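Novice: Below you'll find the structure I mean.
The values are calculated or read from the model by the stated rules, or taken from the named source; none is laboratory data. Predicted model, so just to flag it, every value in this text is computed and none were measured. Positions of Cβ are generated from backbone atoms using ideal geometry, with glycine treated the same way; all protein chains shown enter the neighbour counts. To get the accessible areas, we keep the full protein, side chains included, count just its heavy atoms, and leave off ligands, DNA and RNA. Shrake-Rupley method; radii C 1.70, N 1.55, O 1.52, S 1.80 Å.
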Amino acid sequence: MLDKKKMLEVAVERMADLAAGWMVAGFVHGVLNTDNINITGESFDYGPWRWLPQWDPGFTAAYFDHAGLYAFGRQPEAVHWNLAQLAIALRRLAASPPLVFALERFAPLYHAAMARRFCWRLGVEPRGIERDFKLIEAAEQAMRGSGAGPDAFFFAHRGGRAAEGALAEALKGYDPVESADPYWSGEGPQTMLIDEVEAIWAAIARDDDWTPLQRKVEAVRAMGKAHGPAPQPPVL
C-alpha cells in the first residue's frame, strides 16, 4: 500500500528543489495552479512562461495576471500552497500531524536548494547556508542596481570574477569552481528571452526555416555542458 505521508514528503522535497531551480534560472512559470504542478518535481504545463529580462520579483509572465499572483518572486509561495492542497486531499487517507510535518519542511528545504543552486550557477563552492544567503542578497542587489538579467549576471561574475562593491565583499573566502570550458570566455551568455523565441518561431512559421531553432538548441546544450550537472538534493 502507498505510504501517503512518504508520498507527500517526497513531493515536498522535489518541489522545493524545483522552485529553487526556477528562481536561480530566472524562469517564470506563468500560471501555478494545482493542475500545473507535477509531484515528481519536473516542470510541467508552463504556458505563458518567460525568462527574466531583469531581476524583478514582481515580473509576471501571464498577460491576465494583473494582481501578480504568479509573479516571479511569489513562485515558491505558490508551490507551497499547492502542496498544501495535496495534503488536504490526502487527509482523507492519512492522519494530519505527519502531513503537517511534511509541509513544514518546505521552507528549510527550499532555502537549502536556493543556496546550493545559486552557488553552482555562480561557479563558487558553497560556504554554508548563512554565508550563501548573504551572497544571494548581495547578488540580487547588484542585479537590481545594474539592471542586468540573471543570465548576464551569472556569466559576467562566473567564479567571482569582475565583482565590485558589496558583491565583492560577499564573495570573499569563496573558492571558484574550476572551469576551463570555452563558453566562459565567449562574448556573452545564452538567453531565451521572448523576443528571441518569437524570432525563432517566425522563421519556422513564415519560411519553414528550422535553422535558428537548431542553432539555439546547440547553443543551449553547450551552455549546459559548461555548467555541468545541477547539484542534487542530499538523500534524506
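Novice: With a cut-off of 8 Å between alpha carbons and a minimum separation of six or more residues, what is the relative contact order of segment 15-86 in percent?
Specialist: Relative contact order, segment 15-86: 37 percent.
Novice: Assuming R0 = 35 Å, can you tell me the calculated FRET efficiency for the pair PHE101 and GLU125, based on Cβ-Cβ distance, to the nearest 0.05? Present the calculation step by step, with values, prior to reporting the outcome.
Specialist: On the way: r = 32 Å, r/R0 = 0.91.
Approximately 0.65, to the nearest 0.05.
Novice: Residues with amide H under 5 Å of ARG127's amide H, sequence separation 5 or more or different chain, H placed in the peptide plane at 1.01 Å from N; which?
Specialist: Residues meeting the amide H criterion: ASP132.
Novice: I've got another one for you. Can you give me the long-range amide H partners of PHE59? Hydrogens built in the peptide plane at 1.01 Å from N, cutoff under 5 Å, separation of 5 or more residues or another chain.
Specialist: For PHE59, whose amide H was placed from the backbone, the distant partners under 5 Å are PHE72, GLY73.
Novice: Take the solvent-accessible surface of the protein heavy atoms, probe 1.4 Å, and return the percent of it on segment 1-107 that carbon and sulfur atoms account for. Before the final figure, lay out the partial values.
Specialist: Details: 3230 of 5390 Å².
Taking all protein chains in place, segment 1-107 shows 60 percent carbon and sulfur surface.
Novice: What number, rounded to the nearest 500 deg cm²/dmol, is the helix-based mean residue ellipticity at 222 nm of the chain, given -39500 (n - 2.57) per DSSP H run of at least four residues and division by all its residues?
Specialist: -17000 deg cm²/dmol
Novice: Would you compute the Debye intensity of the chain from its alpha-carbon atoms alone, equal scatterers and no solvent, and pass along log10 I(q)/I(0) at q = 0.09, 0.12, 0.13 Å⁻¹ to two decimals?
Specialist: One equal scatterer on each Cα of the chain leads to -0.43, -0.76, -0.87.
Novice: Suppose R0 equals 35 Å. What FRET efficiency, 1/(1 + (r/R0)^6) with r the Cβ-Cβ distance, do ALA180 and TYR63 give to the nearest 0.05?
Specialist: 0.20
Novice: Further question on the same structure: Binning every alpha carbon pair distance of segment 115-236 at 5 Å from zero, what are the percents per bin?
Specialist: P(r) over segment 115-236, rounded to whole percents: 2, 10, 18, 19, 17, 13, 9, 6, 4, 2, 0.
Novice: Whole-Hz Karplus ³J(HN,Hα) for segment 190-198, in order, using 6.51 cos²θ - 1.76 cosθ + 1.60 and θ = phi - 60°, x for Gly and Pro?
Specialist: Computed from phi, the couplings for segment 190-198 are 6, 9, 9, 6, 4, 4, 5, 4, 5 Hz.
Novice: Can you list the residues, at least 5 places off or on another chain, whose amide H is less than 5 Å from the amide H of HIS157, using H built in the peptide plane?
Specialist: none
Novice: Same structure, new question: Summarise the accessible area of segment 159-235 (1.4 Å probe, protein heavy atoms) by the percent that is carbon and sulfur.
Specialist: Its accessible area is 56 percent carbon and sulfur atoms.
Novice: Moving on to the next point. Give a residue-ordered list of calculated ³J(HN,Hα) values for segment 95-101 (Karplus: 6.51 cos²θ - 1.76 cosθ + 1.60, θ = phi - 60°; whole Hz; x for Gly, Pro).
Specialist: Whole-Hz 3J(HN,Hα) from phi for segment 95-101: 5, 5, x, x, 5, 5, 4.
Novice: Any idea what the relative contact order of segment 92-233 is, in percent, if you count C-alpha pairs under 8 Å spaced at least 6 apart?
Specialist: Relative contact order here is 25 percent.
Novice: Provide the per residue accessible area, probe 1.4 Å, for the chain, rounded to a whole number of square angstrom.
Specialist: Here the residues of the chain average 55 Å² of exposed surface.
Novice: Residue by residue through segment 41-50, which ³J(HN,Hα) values in whole Hz follow from phi under the Karplus form 6.51 cos²θ - 1.76 cosθ + 1.60 (θ = phi - 60°), with glycine and proline marked x?
Specialist: 3J(HN,Hα) across segment 41-50, in whole Hz: x, 9, 4, 8, 6, 9, x, x, 9, 8.
Novice: For segment 206-221 and segment 29-77, write down the distance between their C-alpha centroids in whole Å.
Specialist: 25 Å
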